[in-house]
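Participant: Just dropping this structure here.
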Amino acid sequence: MKKCFITLVVFFALCVQLFAQSFSLVKDYTPGAPTELIVYNGKVYFKNSDGVVGNELFVTDGTSAGTNLVKDIRPGSANGGCYAFSILNNKMYFFSGTAANGVELFESDGTNAGTVLVKDINPGAGSSGSAFFATLNGIRYFDAQDGPNGLELWRTDGTTAGTYMVKDIVPGAGSSFPANLTTVGNKIFFWAYNALSGVEMWVSDGTAAGTMLLKDIYAGVSPNTYEGTQIGNLNDVAYFAKNDGINGVELWRSDGTTAGTYMVKDISSGPTGSNPFNFIVFNNELYFIATEAGVSKLWKTNGTQAGTVALATAAGTHGNGGMSMVVFQNKLYFYGTDATHGSELWKTDGTIPGTVLVKDINPGISSSSLKNLTNIGDKIIFSATTPTAGAEPWVSNGTEMGTLQLQDIEPGVNGSNIEQFTIVGSKLFATAQTLANERDVYVINDFVALPLRFISFTAKSCTSATACLEWKTADEVQVAYFDIERSTDGVNYSKTGRVVAKNGRTNSYSFTDDIASLQHYTSVLYRIRQVDVDGKFSYSKTSSISNAALALKVFPSITNSSFTVQYNGLEKMHIVVRNNSGSTLLNKPLLMGSNTIQVQHFSAGTYLYSIVASSGDVIKTGKIVKQ
């Protein structure tokens, strides 16, 4: 009974912890409808309207005061629009429109003055437009229309001169309609059309000569359709769905050569095809959804026919419904389906026994319509629909008990239809709609558990018998304590102390270690073992101190002109030589290695030397006799 009570306490504590954090409206921009959220220099930029300007570039830092219009690109209430965002060479690039130039390529550094037209690709009021882009070696590749050459493959380095067409695939005013540009290895893969082959997979290295048809997979002129809207990347090999005219739409792969472009497996025999989609890499295999014998299943492949297998159980099959999948804590989470629970949250470890339902969020055969699965470090967040709350934000730690509705933003059955989860540091942004405010940007501060960072860690000699350790951390969340471990051989470490964690945003720690018993070792190594409340741990870098007394040798003790100080330690030292009256005759820093101390100008007699550390501690003393 006691154990059950404790379990319930832990469960309700978890619920309280999750429900204690909730989204709040950043700023009401009625009748705005923010979209295209992108993170740039620690802030979120997005397209929105405030009722005065049309859809333009806005920015938020998560506060109302820090949420503002960046630039009214098309002045007045007309829409400039901002879309196809990407980050290139620490600038934002996107397409937006003006009355004079049409829709063209812009760049922005996040300021009004720094938001400028890159190039009027289609001169005058005509628009160049764009829908797809990919980045390779600091160059952004995209589809654009310049007028005379139709819609073709372009590139930009952010300068006017560096923005030009890569290749006119369909010469003249005709268009090749490049689509789904994806970086794989050192090439850009994309779909394109020409009159001889129809729509096929093309590849480009960024040059006209290196932009070519991979293979005429559908012999002759293929149907002018894009069978796969996504191109997967596993170990620098492209994976995509394609119809060869015989086997239907199946899984293909390409290494960028004609010979290396072939069908992986005919999953669904015959002309119907399996229609694979939703590619994601997990544990060095490519996972996707495909249909076999009319049943949608979760599949995985290592790139070989034999290694392409379905993950199904006796309970049913696991489809995806076009929603996303996400990797979290060494499991793959996805929108799965079976005959008993409908479509709900599932997870897999890559094995059939390990492919299981996480939680039936909408009990029974009805589905919860999961969307936007997002890994935020210590949990995943997503949108799920229930009959009582509609589509609202949910969180999960991967267990049934830990899968809970986070918040009912729009009370009642309508739901907030939350989407576009975007992480900036510890803040989680999203867009949601309510009857009162329509769609706006929302934020939860300090929601994302950032991994602890060791900002610094140093170990140094305090005295000949003690070592002083200092370290600084950032973003401590659920950290229990720090164990101080030391070693005299660099291999075997043992705990020498423990410090309780503060769990603040930034923290400073110190620890003094007694090394009196280690005087016969020339060096001592230290590391910090950070332990979380759940038992997980990680290590800092290693820092060492030298036993300076053993690292020092002074010879000879009787001399006519000089003596030598051999120093093999790391700590800064200096030597002080005094006469019998205590007057300082020499004070000189020591370098690592051999140091020659000249005394030929001293009078004959006995002199005292002290070797002093930067801390002021005297490490070694002795006498030198000048003859």
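No value in this document is a laboratory result; all are computed from the given coordinates. Given the structure is predicted, the values throughout are model-derived calculations rather than measurements.
Participant: Under the rule a/c < 1.5 gives rounded, and otherwise a/b versus b/c splits prolate from oblate, where does region 41-161 land using the Cα gyration tensor? Can you show the working numbers first?
Facilitator: On the way: a/c = 2.31, a/b = 1.36, b/c = 1.70.
Oblate.
Participant: Can you tell me what the convex hull of the Cα atoms of region 217-281 projects to on average, as an area in nm²?
Facilitator: Hull-based average projected area comes out at 4.5 nm².
Participant: Something else now. Please list, in order along region 468-484, the HN-Hα scalar couplings obtained from phi with the Karplus expression 6.51 cos²θ - 1.76 cosθ + 1.60 (θ = phi - 60°), rounded to whole Hz, x for Gly and Pro.
Facilitator: Karplus-based 3J(HN,Hα) across region 468-484 equals 10, 10, 9, 8, 10, 10, 9, 6, 6, 9, 6, 8, 8, 6, 10, 9, 8 Hz.
Participant: Here is a follow-up. Tell me, what is the percent relative contact order of region 97-234, built from C-alpha pairs under 8 Å that lie six or more residues apart?
Facilitator: Numbers: 310 pairs, mean separation 19.6, N = 138.
For region 97-234, the relative contact order is 14 percent.
Participant: Per DSSP helix of 4 or more residues, -39500 (n - 2.57); summed, then divided by the residues of the chain. What does that give at 222 nm, rounded to the nearest 500?
Facilitator: That calculation yields -1000 deg cm²/dmol at 222 nm.
Participant: How high is the relative contact order of region 453-546? Use alpha-carbon pairs under 8 Å, at least six apart in sequence, and give a whole percent. List each step's numbers first, then the result.
Facilitator: Values: 214 pairs, mean separation 31.5, N = 94.
Answer for region 453-546 is 33 percent.
Participant: Enumerate the amide H contacts of Leu181 below 5 Å, restricted to partners 5 or more residues apart or on another chain; note that Pro and chain-start residues carry no placed amide H.
Facilitator: It is Phe133, by chain and number.
Participant: Go through Lys427/Lys472; Lys27/Lys427; Lys572/Lys620; Lys215/Lys265; Lys379/Lys502 and tell me which ones have a Cα-Cα distance over 19 Å in this structure. Spell out each step's value before the answer.
Facilitator: Working: Lys427/Lys472 22 Å; Lys27/Lys427 16 Å; Lys572/Lys620 14 Å; Lys215/Lys265 17 Å; Lys379/Lys502 22 Å.
Too far apart for the 19 Å limit: Lys427/Lys472; Lys379/Lys502.
Participant: What whole-number volume per residue, in cubic angstrom, does the convex hull of the C-alpha atoms of region 549-626 give? Before the final figure, lay out the partial values.
Facilitator: Working: hull volume 6.1 nm³, N = 78.
Spread over its residues, the Cα hull of region 549-626 gives 78 Å³ apiece.
Participant: Hey, can you grab everything whose amide H is under 5 Å from the amide H of Ala501? Only 5+ residues off in sequence or another chain; H modelled, so Pro and N-termini drop out.
Facilitator: Sorted by chain and number, the residues that satisfy this are Tyr481, Phe482.
Participant: Taking the Cα atoms of region 453-546, what is the range of coordinates along each of the three principal axes, in descending order and whole Å?
Facilitator: 40, 23, 17
Participant: Over the chain, one equal point on each Cα, no solvent: what is log10 I(q)/I(0) by the Debye formula at q = 0.08 Å⁻¹?
Facilitator: Reported log10 I(q)/I(0), two decimals: -0.80.
Participant: Find how many whole Å separate the alpha carbon centroid of region 404-457 from the alpha carbon centroid of region 121-162.
Facilitator: Their Cα centres are 34 Å away from one another.
Participant: Restricting things to Cα coordinates, could you compute the convex hull volume per residue of region 312-448 in Å³? Display every interim value, and only then the final one.
Facilitator: Values: hull volume 13.6 nm³, N = 137.
Here the figure is 99 Å³ per residue.
Participant: A follow-up question, please. As I understand it, the value is the acute angle between the Cα axis of helix 2-19 and the longest principal axis of the Cα atoms of the chain; what does it come to in degrees, rounded to 10?
Facilitator: The angle comes out near 70 degrees.
Participant: At q = 0.18, 0.19 Å⁻¹, what log₁₀ I(q)/I(0) does a Debye calculation on the Cα points of region 91-212 give, no solvent, two decimals?
Facilitator: Evaluating at q = 0.18, 0.19 Å⁻¹ gives log10 I(q)/I(0) of -0.90, -1.00.
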